[in-house]
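Every number here is computed from the coordinates shown, using simple stated rules; none is lab data. The shown structure was predicted, so the numbers you read here are calculated from the model rather than taken from an experiment. As a convention, Cβ positions derive from the backbone with ideal geometry for all residues, glycine included, and neighbour counts pool all protein chains shown.
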Amino acid sequence: MATWQCVKQCGACCHLDPADRPDLDEYLSPTDLELYLSLVGDDGWCINFDRQTRECRIYDDRPLFCRVEAATFEAMYGIEPDELNGFAIDCCRQQIEGVYGDRSLEMLRFDGAVGIG
């Protein structure tokens, strides 16, 4: 069975362009939505994403909506803890495909890390 994990130096989730996520207001509180929008740079990437190292500059202090945790996903999306693994894998694959492509090195690395393929 595939097991979700974050793959270092991917950063697909750091592409925050609101145009790609028109339903933000459906799962973020007004306060979180304001914070989210304040993090979006002119190029659609999070202002805290270091494009050279491909890492988050505030990883340990990142907002809750940037964390793949059972309580966060249950509150935001109504995902039960036992469904988190599959949901997170699907979300990451969709985001990686949208940002880098379905045959990208990032997708290959993710699939390998979680045990797909």
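Looking at Gly11, Gly78, just one residue is on the phi > 0 side of the Ramachandran plot and touching a Lys or Arg at 6+ places or on another chain (Cβ under 7 Å), and that residue is Gly11. Just so you know, in the range 1-50 the residues that are more than 26 Å from Leu108 (Cβ to Cβ) and charged (D, E, K, R) include one that is surrounded by the most Cβ atoms within 10 Å (Cβ to Cβ), and it is Asp32.
Screening Gly117 with (1) farther than 23 Å from Gly44 by Cβ; (2) surrounded by 15 or more Cβ atoms within 10 Å (Cβ to Cβ) gives one miss only, at (2).
Can you tell me which residue within the range 52-99, out of those that are in contact (Cβ under 8 Å) with a residue 24 or more places away in the chain and in contact with a strand residue (DSSP E or B) (Cβ under 9 Å, 6 or more places away or on another chain), is surrounded by the fewest Cβ atoms within 10 Å (Cβ to Cβ)? Among those that are in contact (Cβ under 8 Å) with a residue 24 or more places away in the chain and in contact with a strand residue (DSSP E or B) (Cβ under 9 Å, 6 or more places away or on another chain), it is Gly98. Of all the criteria given as (1) in a loop (DSSP other than H, G, I, E, B); (2) under 19 Å from Leu84 (Cβ atoms); (3) free of Cβ contacts under 8 Å to residues at least 60 places away in the same chain, the one not satisfied by Val7 is (3).
Restricting the search to helices (runs of 4 or more DSSP H) fully inside the range 14-114 and requiring at least 1 residues that are of a type in the set (A, V, I, L, M, F, W, C) and touching a Phe, Trp or Tyr at 6+ places or on another chain (Cβ under 7 Å) gives 24-27, 70-77, 84-100, 105-114.
Quick check on the range 102-114: of everything there that is under 15 Å from the mean Cα position of the chain (by Cα) and over 12 Å from Thr3 (Cα atoms), which residue is surrounded by the most Cβ atoms within 10 Å (Cβ to Cβ)? My answer is Met107.
Residue pairs whose Cβ atoms lie under 9 Å apart, separated by 6 or more positions or on different chains, with the first residue in the range 22-36 and within 14 Å of Leu64 (Cβ to Cβ) and the second among the basic types (Lys, Arg), are Tyr36/Arg21.
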